[in-house]
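These notes concern the structure reproduced below.
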Amino acid sequence: MMKIDRPKIEDAPPWCPYFFDLTTEDNLLDALQNNKKNTVDLIRFIPLAWESFKYAEDKWSIKSVFIHMIDTERFYAYRAFCSSRKMDIDLEFSKDRDIYAKNDNSANRTLKDINEEFIAVREATITLFTNMTNDMLDFKGFPNKVAYTARSLGWMAVGHNIHHHNIIKEKYLAG
């Protein structure tokens, strides 16, 4: 199996090492697979009665947190795809995270279908990275752009999920 090593700190914005440090694996493909299993297990652990639970009035529901994880992974994968193909795009994730939650249709979703969507998105992410060369993984050649490589975006996807696993466990499921 191909090995995709950890990213260099300079291949991502200064806030990204937080996400890199949440991962324990040394191969991105292993990390994506292990995190997929852990996410599926976490989703299945949550009782149906809790899927719309918010730990505070102004916070997202559990369903919205998982949808946010999926949306963010799609975004990171698309950026990684563009970088790996040397496509210069102007695409930044909105700083207003609540805009996504307001439009995520979580009220009409179930954790079961969110789980199915997560698996599909994660499988697509794994396939995308499985077929990248080191040159594709490490390209960063656009001047005056926020520096990301496909490699760093893959690791961010895993770390971002772990970050939200921790929030779900500490804030939503504690007690």
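The values are calculated or read from the model by the stated rules, or taken from the named source; none is laboratory data. Predicted, not measured: the structure shown is a model, and the values here were computed from it. We place every Cβ from the backbone using ideal geometry, glycine too, and count neighbours over all the protein chains shown.
Look at the stretch 151-175: where a residue is under 28 Å from Phe139 (Cβ atoms) and a partner is acidic (Asp, Glu) and in a helix (DSSP H, G or I), sitting 6+ places away or on another chain with Cβ atoms under 7 Å, you get Arg151/Asp11; Arg151/Asp138; Ser152/Asp11; Ala157/Glu73.
Quickly run through the stretch 52-64 and pick out the residues that are crowded, with 20+ Cβ neighbours inside 10 Å and among the hydrophobic types (A, V, I, L, M, F, W, C). Scanning the stretch 52-64 gives Trp60, Ile62.
Every condition in (1) touching a His at 6+ places or on another chain (Cβ under 9 Å); (2) surrounded by 15 or more Cβ atoms within 10 Å (Cβ to Cβ) is met by Ile70 except one, and the failing one is (1). Residues that are of a type outside the set (Val, Ile, Thr), part of a helix (DSSP H, G or I) and within 23 Å of Pro13 (Cα to Cα) are absent from the stretch 102-112. Only one of these is within 18 Å of Leu153 (Cβ to Cβ), of a type in the set (Asp, Glu) and within 19 Å of the chain's Cα centre (by Cα): Asp104, Asp88, Asp113, Asp71. Name it. Residue meeting the stated conditions: Asp71. Evaluation of Glu10 against the conditions (1) of a type outside the set (A, V, I, L, M, F, W, C); (2) in contact with a Leu (Cβ under 7 Å, 6 or more places away or on another chain); (3) in contact (Cβ under 8 Å) with a residue 60 or more places away in the chain shows that the sole unmet condition is (2). Output yes when any residue across the stretch 132-148 is surrounded by 15 or more Cβ atoms within 10 Å (Cβ to Cβ), under 15 Å from the mean Cα position of the chain (by Cα) and part of a loop (DSSP other than H, G, I, E, B), and no when none is. For the stretch 132-148, residues surrounded by 15 or more Cβ atoms within 10 Å (Cβ to Cβ), under 15 Å from the mean Cα position of the chain (by Cα) and part of a loop (DSSP other than H, G, I, E, B): present.
Among residues of the stretch 13-32 being outside any loop (DSSP other than H, G, I, E, B) and more than 19 Å from His68 (Cα to Cα), the one that is modelled with the lowest pLDDT is Pro17.
Please enumerate the residues belonging to the stretch 55-89 that are in contact (Cβ under 8 Å) with a residue 12 or more places away in the chain, assigned to a loop (DSSP other than H, G, I, E, B), at negative phi and not small (Gly, Ala, Ser). Once the filter is applied, which keeps residues that are in contact (Cβ under 8 Å) with a residue 12 or more places away in the chain, assigned to a loop (DSSP other than H, G, I, E, B), at negative phi and not small (Gly, Ala, Ser), the stretch 55-89 yields Tyr55, Lys59, Trp60, Arg85, Asp88.
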